[in-house]
Every structure is written in structure tokens, then in C-alpha cells.
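What follows is a short report on a single structure.
The values are calculated or read from the model by the stated rules, or taken from the named source; none is laboratory data. Keep in mind that what you see is a predicted model, and the values were worked out from it rather than measured. Reconstructed Cβ throughout: ideal geometry from the backbone, glycine too, with neighbour counts over all protein chains shown. Side chains are part of the model used for accessible areas, which takes the heavy atoms of the whole protein and leaves out ligands, DNA and RNA. Shrake-Rupley method; radii C 1.70, N 1.55, O 1.52, S 1.80 Å.
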Amino acid sequence: MLDSHSMQVTYRADRGEPRGAHKSGATWQGRGDCIDCVQCVVVCPMGIDIRNGSQLECINCGLCIDACNEVMDKVERPQGLIAYDTDAAVAARTAGKKPRYRFIRTRTIYYGAMLAAVGAVMLYGLLTRPAAALDVIRDRNPTYVRLSDGEIRNGYTLKIMNRSNAAALYRITFSGPAGARLKGVGVDHVGDELQARIDRDGQAEMQVFVTAPVDPDRPLSVPSVFKAASGSGGVQTKTVFLSGDQGQ
């Protein structure tokens with residue numbers, strides 16, 4: 001995603017080369033400001049040598065800039081041997097030309113448009129997301145249980161997510177086979193429905209059982225729906241109720 005005009009942590013080779021050790025009091029004539037102390041490598045969390053040019057591993061943290069500036073202060077040379085710069089600017093100075101910084105380019109316009117579009121989609125999704133979500137997982141082992149009186153029971157795990165900015169009381173109901181009864185484990189029961197209070201941006205997970213009376217004419221799989229409703233709206237999720245072979 002970068003090019004030669006991208007601003008990034010850059011070793012200014014036009015000023016630092018040729019590099020080499022420097023003794024106190026020695027002249028700087030005919031050599032660069034880099035004393036090859038490798039402090040920029042020592043402090044780099046990625047373990048790279050920024051003097052080798054732009055590298056994929058560089059995270060532009062700037063620790064090498066701080067370390068190099070401290071060294072430059074000690075050897076009484078100007079700071080900025082490593083700084084935020086562009087490869088194009090380094091190449092221009094090396095060629096004896098004045099560097100040009102092009103912040104507005106086709107690439108930056110394209111990236112800006114992409115970021116704006118992605119941001120708009122995310123904002124739209126955030127503003128229009130439902131106030132609640134309901135996940136239903138039907139027990140698969142066993143898929144159903146035949147009780148001693150012949151009734152069929154299915155187990156489900158419900159996960160209700162409150163995405164609103166206020167706590168809400170959710171009323172959970174079930175619609176499916178005729179005469180089916182809903183029961184939850186550790187959940188408040190009010191009539192034929194369950195109730196659960198969930199804090200804002202919170203969620204609740206519960207184990208529930210649905211028991212249906214014997215009905216020889218009922219199909220093996222009955223389309224069913226769990227609903228969770230509150231004052232701010234409701235949500236529903238489809239599932240199935242498995243009856244097994246009731247002719248047994």
C-alpha cells in the first residue's frame with residue numbers, strides 16, 4: 001500500500017552515508033553522520049535495520065528515531081538522521097535536487113474513498129442493527145427424549161443479546177406443535193412464557209425444554225419459532241421440533 005512518496009520512518013542515507021565509527025575530535029569531512037552504533041537496531045521491536053530501507057516488518061513506531069536522536073546529541077550532530085520522510089525525498093537530496101512532498105495523490109484519494117465507504121457501511125450497520133439478537137441451538141445428543149407418559153421433549157440452548165443502551169426485560173415464547181409447553185432451567189416463568197432481564201450490551205444464555213403431548217398425526221419434524229420480546233422491540237429465530245416415530 002506504500003509507494004516512494006509515502007511518509008514513513010526513513011533512514012536519510014543522503015546524510016548518513018558513508019557510515020562508520022567516529023572518534024571524538026575527528027573531522028566529519030568526507031563521511032556521513034551515521035556512526036554505525038546500531039542503536040536503531042537494538043531498540044527496534046521487530047529487530048530490523050531501518051538503514052536497509054523500507055521493510056514490510058516496520059511498524060513505524062519511531063523508537064529508532066528517538067534512539068538515533070540521542071546518539072546525534074552525544075556526537076554533536078543535528079537530529080533527524082532517522083525521521084519521518086519519504087524515499088523520493090531521500091533520492092532527490094542524493095541527486096542534489098530539492099525534495100517534493102506529494103501528500104495528495106491518486107493513491108491517497110483512492111484509499112481515502114475506500115476508508116470513507118467502509119466507514120459509512122459500518123456506521124449504517126451500527127445505526128440500523130436490531131436492538132436484540134437471539135441464537136437457538138437445538139440439543140443433538142439426544143435429539144429428543146420420549147417421557148414415561150409418551151410425551152416428546154426437545155432441549156434447546158438460547159442466547160439472547162441485548163444491543164440497546166438500556167437494560168431490558170425479555171419475554172421468551174415458543175410456537176410450534178399444538179399443546180407444546182416451554183420450561184427453562186433457572187429462568188423465571190410467567191404463565192406460558194419465560195422472562196430474563198439483561199443489562200445493556202449484555203447477553204444471557206439459558207437451557208430450555210419444550211414438551212409436546214402425544215399426537216400420532218404430527219410429522220417427525222415440526223417448524224417452530226422462538227421469540228424474545230421487550231419494550232424496545234423483539235426478535236425471533238426459526239428452529240424445528242423433532243417428534244420421533246410416535247407410532248412406536
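Quick notes
- Identity of the residue in the range 84-97, without any contact (Cβ under 8 Å) to a residue 40 or more places away in the chain and exposed (fewer than 15 other Cβ atoms within 10 Å of the Cβ), that ends up nearest to G53 (Cα to Cα): A95
- Residues satisfying the stated conditions in the range 216-241, i.e. open to solvent by less than 60 Å² (accessible area, probe 1.4 Å) and more than 30 Å from the chain's Cα centre (by Cα): R218, S221, V222, S224, V225, V240, F241
- Count of residues meeting criterion [under 21 Å from G25 (Cα atoms) and not basic (K, R)] in the range 39-78: 9
- Residues that are within 33 Å of the chain's Cα centre (by Cα), outside any helix (DSSP H, G or I) and of a type outside the set (A, V, I, L, M, F, W, C), drawn from the range 12-71: P45, G47, D49, G53, S54, Q55, E57, N60, G62
- Neighbours by Cβ (under 8 Å, 6+ apart or cross-chain): first from the range 144-166, farther than 20 Å from Q195 by Cα; second outside any strand (DSSP E or B) and among the aromatic types (F, W, Y): I152/Y144; R153/Y144
- Residues of the range 84-96 satisfying the condition of being assigned to a helix (DSSP H, G or I) and within 41 Å of the chain's Cα centre (by Cα): D87, A88, A89, V90, A91, A92
- Test: Q195 is in contact (Cβ under 8 Å) with a residue 24 or more places away in the chain and either in contact with a Leu (Cβ under 9 Å, 6 or more places away or on another chain) or among the hydrophobic types (A, V, I, L, M, F, W, C) (or both): yes
- Residue check for V41: under 17 Å from Q8 (Cα atoms), at pLDDT 95 or above and β-branched (V, I, T): yes
- Subset of the range 72-83 [without any contact (Cβ under 8 Å) to a residue 60 or more places away in the chain and either loosely packed, with under 12 Cβ neighbours inside 10 Å or outside any helix (DSSP H, G or I) (or both)]: D73, K74, V75, E76, R77, P78, Q79
- The range 109-136 residues that are more than 30 Å from A229 (Cα to Cα), paired with ones that are of a type outside the set (K, R) and not in a helix (DSSP H, G or I) (beta carbon under 8 Å, 6 or more apart): Y111/M1
- The number of residues in the range 53-69 being free of Cβ contacts under 8 Å to residues at least 24 places away in the same chain, under 15 Å from Q8 (Cβ atoms) and either open to solvent by less than 60 Å² (accessible area, probe 1.4 Å) or polar (S, T, N, Q) (or both) comes to 1.
- Just one of the listed residues (A212, A196) is in contact with a Gly (Cβ under 9 Å, 6 or more places away or on another chain) and over 22 Å from E151 (Cα atoms), namely A196.
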